[in-house]
1. Using mean Cβ contacts within 10 Å as the protection proxy, how do 297-308, 405-416 order, highest first?
2. Could you compute how fast region 239-360 diffuses translationally, taking Rh as the Kirkwood radius over C-alpha pairs and applying Stokes-Einstein at 10 °C with viscosity 1.306 mPa s? Give it in µm² per second.
3. Can you give the FRET efficiency for Asp54 and Arg334, using 1/(1 + (r/R0)^6), R0 = 30 Å, r = Cβ-Cβ distance, to the nearest 0.05?
4. Give me, ordered by chain and number, the residues 5 or more places off Gly531 or on other chains with an amide H under 5 Å from its own placed amide H.
5. Take Leu105 and Ile441, extend 7 Å from each Cα along the Cα→Cβ direction, and tell me the distance between the two endpoints in nm.
6. State whether region 46-109 is rounded, prolate or oblate according to the following rule on the C-alpha gyration tensor (a ≥ b ≥ c being the square roots of its eigenvalues): a/c under 1.5 gives rounded; otherwise a/b larger than b/c gives prolate, and the remaining case gives oblate.
7. Output the direction-averaged projected area (hull surface divided by four) of the convex hull of the alpha-carbon atoms of region 457-499, in nm².
8. Rounded to the nearest 0.05, what FRET efficiency do Val138 and Leu116 give with R0 = 30 Å and r taken as the Cβ-Cβ distance? Could you check?
Amino acid sequence: MTMKVSGKLKNLRQKDVISKMFFSASIAMMFTVLVGTAAQFVDGIITSRFLGNDAYSAISLFGPLNGIFLMLASFLASGNQIVFAGYIGEGKKDRANSVFSFCVLAGLLISAILILLCIVIPDPLLAYCGVTKDAKPVIYENMLSYMRGYLFGIPALIAVQIIGPIVVLDNGKKIFSLSAIVLCVSDIALDLLNALVVHGGTFGMGVATSVSLTIQLGMLVAFLLRKGGRARFSLKALRSKDVSELSKSGSPTLVQSLAISLRDVSINRLNLLFAVSTAAIVARGIQYDFNMVLFCISDGLASTMVSMSGIYHSVEDKAGLRRVFKYGMGLSMRFAVATFAVVFLCAPLIAGFYTSDPETASFSTFAIRCMALSLLADTPICIYINYLKGIRNRRTVILLNIMDRFVLPVVCAAVLSFLFGSKGLLASIALGKFLLLGAIIGILWIKNKKFPRNAEQLMLLPESFGGSSSDNLYGSVTTMEDVLRESRRMEGFCLIQGTDAKSATRMSLLMEEMGGNIVQHSSLGAGKTSGAEYRLFVNENSLCLTLRDYNQAFDPIAWDHANSDREIDEGVGIRMVMALAKDTRYFNAFNSNNLILWLDVEEKEEAYVAPGKETSK
């Protein structure tokens, strides 16, 4: 019998577990970010149409200060997402809740400080955005009014950033998407009420956003408080040693957000310095707004990439991680190309929603097309950086974030503004992205001493990660015949690796019982098939079996604990598995069941050789 133990699945099908998890979670995240961003997008249209260019300029120039708010929120949210996903992947629910609880508490404290600063020292904060009372009195008054209405929504803004990814990880894609729709609808309705009925100016626009964010937060909190929810806020759960890991994991995002804020301040000042007219300032504001709309695609994909790469990295599943990487990059590029084509062609129509002024429309069309072009480079960059976040390659992430979010865009904006004025500044965003993409390829080329041509050469994993290919066995089951075949294959693989016969037989039994349980209780409906993917990892002292399926949530460990004292006939296989395994972990993420079983190897024997065959070792 010839056995292949290369560790590679035969193909990456659209219906496999990884692609199902990634695609469904990404669509939910993209849709949610898009809907939430659409509220801000419509804010700009309503403000420009009904309150005038001065009011719109004030809200768009408020961007750097809002970036500070989001910077602090992203630091907590990113660290929480990475560490939380890692602990969930390792089956450490208490540690995950410790990190979550600290993030929520820190978010509330930061919100209180920010509100106090907005009330006590508003002038320095607005000056940070490049606007002072003496230089731009009309814009200053509009910005001050907007900030006063907006500041009461800061706690909700920060909390949504922290809680949102955890809701998606906890199988709450639908409620997260619904909350974003409610945010968008309520914000638009309140904006129109303010502009057409209340006439509250920019202050009313700020209040509308604050109220809408608070409504969204209420929906997410209600979901987390449901029975069986994974994340729980608890002061008792706090552990000081988790704070350090959280800070380390969140530091790349903090650097990224700080770089974005400094970039926006610098480009604001360059825009005010080189702008040939108010139309150019408005066009930059529209470009900034549309930036948030376009990049919701990469943001949604990136958020999924962070969590999924973190989960697979935590259990050193190299093949699974490679599939996540390849699928995520491929999916992101398809979305990017399609979006670029649509937006580039529709740019004049989009600009027309904002303004009917010919000069402003011309500048805005050019700005939107430059933004669409930059998407082709920014999407793979964003996905790649967030993959590196998930595997905790912090140094590389920090370096790329500084280059991407500050150095290249500011340098390109300064040079092109000096040479070509306002249009040069608007075009600089695309140039900076393509320069960074070229730099990343160049760095990898130097590191690998050859042009990177495959996923392995892009992933920056140590050679020892996940063991050698010969130490891993991968496969999938959809029928009971598959289960029996794969259990025998697994036993043979263990013997080839030198595992003692007793341990090899036990691992075969574990696969037969749990794989059979998954296939027999598939809950996807009549006419549909679903099974499980598995990975068997063999090292010197233990065997590790990972089973993943896309069926209804079922925790066999919790079931075994709940029924340990009951004398019932059902579940005999589960009880046998729990008794044989040295350690067991279960988590449900992105609507997939993940069961990890460890079995001690009693003794190491010489590798088994089938009659007439040589081993691959």
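Bear in mind that the values in this text are calculations on the coordinates, not laboratory data. In this text the structure is predicted, and so the values were computed from the model without any measurement. Virtual Cβ from ideal backbone geometry, glycine too; neighbours counted across all protein chains shown.
1. Result, highest mean Cβ count within 10 Å first: 297-308, 405-416.
2. 88
3. My answer for the efficiency is 0.15.
4. Amide H to amide H, under 5 Å and 5 or more residues apart or across chains, Gly531 pairs with Tyr550.
5. 4.9
6. Cα axes put region 46-109 in the prolate bin.
7. That works out to 4.2 nm².
8. The calculated FRET efficiency here is 0.65.
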